[in-house]
1. Can you work out ³J(HN,Hα) from phi for every residue in the stretch 59-66, in order, using Karplus 6.51 cos²θ - 1.76 cosθ + 1.60 and θ = phi - 60°, giving whole Hz and x for Gly and Pro?
2. Along the positive direction of the dipole of the stretch 23-168 (beta-carbon charges: Lys, Arg +1; Asp, Glu -1; about the Cα centre), which of His150, Ala62, Ser161 reaches farthest?
3. How tilted is helix 173-183 with respect to the longest principal axis of the chain? Cα atoms for both, answer in degrees (0 to 90, nearest 10).
4. Given H placed 1.01 Å from N in the peptide plane, which residues other than close sequence neighbours of Gly241 have an amide H under 5 Å from its amide H?
5. Classify the stretch 246-320 as rounded, prolate or oblate, taking a ≥ b ≥ c as the square roots of the eigenvalues of its Cα gyration tensor: rounded when a/c is under 1.5, otherwise prolate if a/b is larger than b/c and oblate if not.
6. Roughly how many Å² is the accessible area per residue of the chain, as a whole number, for a 1.4 Å probe?
7. Classify the stretch 86-228 as rounded, prolate or oblate, taking a ≥ b ≥ c as the square roots of the eigenvalues of its Cα gyration tensor: rounded when a/c is under 1.5, otherwise prolate if a/b is larger than b/c and oblate if not.
8. Given a 10 angstrom Cα cut-off, can you work out which residue in Ala307, Ala291, Ala110 is the most mobile in a GNM of the chain?
Amino acid sequence: MVQQIAIIGAGNIGHDHIRRIAGSVAGARLSVVFDVDTDRAQEVAAEVGARTVAGVDPLIAADDVDAVIVASPGPLHPEQTLACLAAGKPVLCEKPLGTTVEDCLRVVEAEASLGRRLVQVGFMRRYDHGYRQVKRVLDSGEVGEAVMVHAVHRNPEVPASFTSDMSLTDSVVHEMDVTRWLLGEEVVAVTVLAGRRSPWANAHLQDPQLVLMETASGVLVDVETFVSCQYGYEVRCEVVGSTGTVSLDTPSFGAVTSAGSRGRAVPGHWRERFADAYRSELQSWVDGMAAGQVTGPSAWDGYAATAIAVAAVEAQTRRQRTVVELVDKPALYA
Ligand code: NAP
């Protein structure tokens with residue numbers, strides 16, 4: 001059966017998902033689009049032969065909608081996801097699940113009381129080939145027990161509206177999720193250090209920053225976030241094990257010979273770097289729904305990531321190590 005997918009929000013990532021569903025995901029078609037910018041909604045819907053509706057409620061209720069992608073701005077995600085849950089429709093909610101811990105918990109509690117998983121959160125790095133290899137090696141025991149992780153998250157530049165806390169809530173939130181997923185345990189504390197500012201950083205922006213996470217078993221995870229690095233988009237990850245290390249292998253973007261040297265090209269944008277991961281995330285979500293089981297990053301994962309991000313912002317503001325506290329995990333997510 002072909003899954004009929006609707007999307008709320010047709011901006012950056014929403015438009016990308018619309019094209020992917022229409023062009024490179026098997027077993028699905030994009031049926032309905034809603035965006036408050038009605039011209040944008042109509043334009044992108046027309047590209048893929050979908051129709052538009054006038055709001056979130058008619059979109060979720062429509063007969064030609066089996067499942068929903070939420071790609072609106074983050075603060076709107078909880079209400080829109082809760083509305084999908086109330087209608088019993090599977091939802092792929094872009095990260096974050098919510099911008100507050102309380103909002104995320106409302107989604108977790110609503111889904112737990114339904115007793116079945118309908119929510120998947122858009123942490124697409126879990127579908128990246130390189131990260132999956134790192135996890136495979138780690139889980140095999142080949143490098144022993146993880147004792148430390150070193151990670152890097154660099155963007156060439158960010159818009160003027162990007163703030164220092166967005167480096168944590170929008171960028172490092174991916175490392176927050178990856179840490180929990182790779183290590184299979186929760187983060188219990190976070191510290192954020194701000195050092196010398198890059199001369200290329202926007203005037204109000206503290207950039208770069210260093211984030212240190214501590215996991216329940218004591219693994220230390222350091223993440224450099226540098227969103228005005230100029231040269232390209234790059235993520236790195238090395239897990240140090242007790243008998244060896246495993247590092248993230250990045251896809252090839254071509255060999256460049258220029259100005260007397262030869263090297264590997266670096267992508268300019270996350271869109272290129274994670275193109276395969278986004279496609280694989282959507283395919284896996286669609287396949288999961290066809291099999292009657294959503295298996296990707298859960299509402300609990302979304303809640304835990306937001307709890308770390310919120311603690312990181314507090315750590316940044318107060319310049320203090322901040323404890324991450326989670327409620328008891330509902331049985332649904334065991
Ligand atoms: P964006 O370009 O601003 O797109 C959001 C769209 O939603 C805009 O067209 C916006 O319209 C529209 N919108 C605003 N209010 C709405 C409402 N009430 N109902 C429906 N649509 C509404 O933002 P984006 O960069 O695509 O980001 C969207 C979400 O995806 C964010 O949570 C972001 O963190 C996440 N994201 C995830 C990844 C990833 O790697 N997983 C990458 C990028 C983005 P207006 O512009 O008129 O407000």
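1. Residue by residue, the stretch 59-66 yields 5, 5, 7, 4, 5, 8, 10, 8 Hz.
2. Selected residue: His150.
3. Helix 173-183 sits roughly 80 degrees off the main axis of the chain.
4. Excluding prolines and chain starts, which carry no amide H, the hits are Val147, Val246.
5. Details: a/c = 3.57, a/b = 1.25, b/c = 2.86.
In terms of gyration-tensor shape, oblate.
6. Details: 14670 Å² over 334 residues.
In whole numbers, the chain has 44 Å² accessible per residue.
7. Values: a/c = 1.94, a/b = 1.22, b/c = 1.59.
Here the stretch 86-228 falls in the oblate category.
8. In the Gaussian network model the winner is Ala291.
The values are calculated or read from the model by the stated rules, or taken from the named source; none is laboratory data. Please read all numbers here as calculations on a predicted model, not as lab measurements. For neighbour counting, all protein chains shown are included, and Cβ atoms are generated from backbone atoms with ideal geometry for every residue, glycine included. Side chains included, ligands, DNA and RNA excluded: accessible areas come from the protein's heavy atoms. Shrake-Rupley method; radii C 1.70, N 1.55, O 1.52, S 1.80 Å.
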